[in-house]
Amino acid sequence: MMQNRILYSWSGLGLLAVAFVAFMVVNSYLFSGLRVDLTEGQLYTVSQGSRNIIDSIEEPVNLYFFYSDKTTRGLTSLRDYAQRVRELL
């Protein structure tokens, strides 16, 4: 009787693992294009006006980010802002 309980427990755990993997595979196919910005203040969300401007650009655009590690030494707020800009680009 004890062996049956253990067998059912392991079977249930295995079935749960298979169901979880199947759910993750289906989830990745159904929602592959969906992106959600959960950052505070939606730091990485582009506004609709910016999207309209981007859609109207017809040629490639080169973006250059200039940052001096030496100059910003001791300026933590500027370093944090530079990190946010770098991540956005």
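The values are calculated or read from the model by the stated rules, or taken from the named source; none is laboratory data. Everything quoted here is computed from the prediction, not taken from an experiment. FYI the Cβ positions are ideal-geometry reconstructions off the backbone, even for glycines, and counts take in every protein chain you see. Note: areas computed on protein heavy atoms with side chains; ligands, DNA, RNA excluded. Shrake-Rupley method; radii C 1.70, N 1.55, O 1.52, S 1.80 Å.
A few remarks follow.
- Accessible surface area normalised per residue over the chain is 98 Å², counting heavy atoms of protein chains with a 1.4 Å rolling probe.
- 3J(HN,Hα) from dihedral phi, the stretch 43-58, Karplus parametrisation 6.51/-1.76/1.60, rounded to Hz, x for glycine, proline: 4, 10, 9, 8, 5, 5, x, 5, 5, 5, 5, 4, 5, 7, 6, 9
- Computed magnitude of the charge dipole of the chain (debye, nearest 20; Cβ of K, R +1, Cβ of D, E -1): 420 debye
- Identified option (computed log10 I(q)/I(0) by the Debye sum over Cα atoms at q = 0.10, 0.11, 0.18, 0.26 Å⁻¹; candidates [x] -0.30, -0.36, -0.83, -1.38; [y] -0.60, -0.66, -1.02, -1.24; [z] -0.34, -0.40, -0.85, -1.26): [y]
- Loop-located trypsin sites (Lys or Arg not before Pro) in the stretch 37-89 (DSSP state not H, G, I, E or B) with no more than 16 neighbouring Cβ atoms inside 10 Å: Lys70, Arg73.
- Cβ-based charge dipole, the chain, positive-most Cα from Pro60, Gly74, Ser32: Gly74
- Cα lying deepest toward the dipole's positive end in the chain, options Val46, Gly12, Leu89, charges on Cβ: Gly12
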